[in-house]
Amino acid sequence: MQNSHAINADLHCHSTVSDGMLSPEDVAARAHAGGVAFWALTDHDEVKGQARARAAAEALGMRYVPGVEISVTWAGQTVHIVGLQIDPGNQVLVNGLAATRSGRAARAQDIGEALAAIGIGGAYEGALRHVGNPDLISRTHFARWLVEQGRCKTIGEVFDDYLGEGCPGYVGHRWAKLADAVGWIQAAGGIPVMAHPGRYHYTQLQHDALFDEFKQLGGAAVEVVTGSHTPEQYRQYANVAHHYGLLGSRGSDFHGPGEGRIELGSLPPLPSSVTPVWHDW
Ligand code: AMP
Ligand code: MN
Ligand code: MN
Ligand code: MN
């Protein structure tokens, strides 16, 4: 078999089924054009795009890996857990995701009200115009509308000024428990992966406790090379993978053309010390 480090795997990205800008078919085509050999669509809290993604990937001769990215609340912050090689039809997973999605509509109205309170009216209706899946309204949709309105130049700026934690448009939300998210993925026969850990703002003690708990629950991998990490963080999380006995994953977290700095399939390979999560696929 080909050295698994040399396989261009992109195991984290989004479509219009959550907060991406392209259809599952268009993301598949873009991944293929970017040289991706193993591809997973990992929409937030939703598996509705999985059949379309698989069909599009297979039509292009690209190996498809069914995926999802689940929102979790842990120690008061949001953590994302990716599930790979899931059965998207599994009822435990499907029901769990439906429960997790159910708070999004009311939260979005609250975000609209919070923005109205600082003089930005019409944000809820504006965000809705960017939504591809009515069950999955996300802060990203508000961010795109705010950029469109000329409030900010980039999505990143919107999160810094309006929608990030502590900002005037931020509305706290209680997502799934870590144990539940890992359990749903396992029930669906999948592999739980800690997504972009470099993005979380925990103390060292909390960080270690998060990984201890994830590992104890059956967590199997960590994203080492992701669009959210710096090269220094690739090295840092290669060490974390080694320390906790976790496999390593790689994914762009692509949301749309011109959004974010990483194109599908363009990240560097995993460090050689890390065993790829796809090593035995
Ligand atoms: P939500 O699930 O509605 O809280 O939205 C979270 C989404 O917002 C993430 O999946 C990212 O796509 C996006 N996001 C969060 N923080 C940032 C940031 N600093 N810059 C750009 N996008 C962000
Ligand atoms: Mn997103
Ligand atoms: Mn994420
Ligand atoms: Mn993501």
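The values are calculated or read from the model by the stated rules, or taken from the named source; none is laboratory data. Note that the structure is a prediction, hence the values are computed from the model and not measured. Here Cβ is always computed from backbone atoms with ideal geometry, including for glycine, and neighbour counts include all displayed protein chains. Accessible surface is based on the protein model in full, side chains and every heavy atom, while ligands, DNA and RNA are left aside. Shrake-Rupley method; radii C 1.70, N 1.55, O 1.52, S 1.80 Å.
If you go through region 145-191 and pick out every residue that is assigned to a helix (DSSP H, G or I) and either in contact (Cβ under 8 Å) with a residue 24 or more places away in the chain or out of contact with any helix residue (DSSP H, G or I) (no Cβ under 7 Å at 6 or more places or on another chain) (or both), you end up with 19. Just so you know, in region 89-98 the residues that are open to solvent by less than 40 Å² (accessible area, probe 1.4 Å) and away from ligand 2 (no atom under 16 Å from the Cβ) include one that is farthest from Trp278 (Cα to Cα), and it is Gly96. Scanning region 192-201 for residues that are of a type outside the set (Lys, Arg) and either part of a loop (DSSP other than H, G, I, E, B) or surrounded by fewer than 22 Cβ atoms within 10 Å (Cβ to Cβ) (or both) gives Ala195, His196, Gly198, Tyr200, His201. Selection of first residues in region 111-122 that are at negative phi and of second residues that are of a type in the set (D, E, K, R) and surrounded by 18 or more Cβ atoms within 10 Å (Cβ to Cβ), restricted to Cβ pairs under 8 Å at least 6 apart or on distinct chains, gives the following pairs, ordered by first then second residue: Ile111/Arg139. The requirement of being more than 14 Å from ligand 3 (Cβ to nearest atom) and touching a residue at least 40 places away in the same chain (Cβ under 8 Å) is satisfied by Gly265.
Given the structure, is His14 within 16 Å of ligand 4 (Cβ to nearest atom), more than 17 Å from Pro192 (Cβ to Cβ) and modelled with pLDDT of 95 or more? For His14, the condition - within 16 Å of ligand 4 (Cβ to nearest atom), more than 17 Å from Pro192 (Cβ to Cβ) and modelled with pLDDT of 95 or more - is met. Applying the condition of being more than 16 Å from ligand 2 (Cβ to nearest atom) and of a type in the set (Val, Ile, Thr) to region 221-270 and asking which residue is surrounded by the most Cβ atoms within 10 Å (Cβ to Cβ) yields Val224.
Taking the stated definitions as given, is Gln109 away from ligand 2 (no atom under 16 Å from the Cβ), in the same structural domain as Ile155 (by TED's automatic domain parsing), modelled with pLDDT of 95 or more and surrounded by fewer than 16 Cβ atoms within 10 Å (Cβ to Cβ)?
yes
Residues in region 23-46 that are assigned to a helix (DSSP H, G or I) and among the acidic types (Asp, Glu) were compared, and the one that is nearest to ligand 2 (Cβ to nearest atom) is Asp26. Scanning region 174-191 for residues that are within 30 Å of Ile120 (Cβ to Cβ) and open to solvent by less than 50 Å² (accessible area, probe 1.4 Å) turns up Trp175, Ala176. A single entry from His255, His279 fulfils the requirement of being modelled with pLDDT of 95 or more and within 16 Å of ligand 1 (Cβ to nearest atom): His255.
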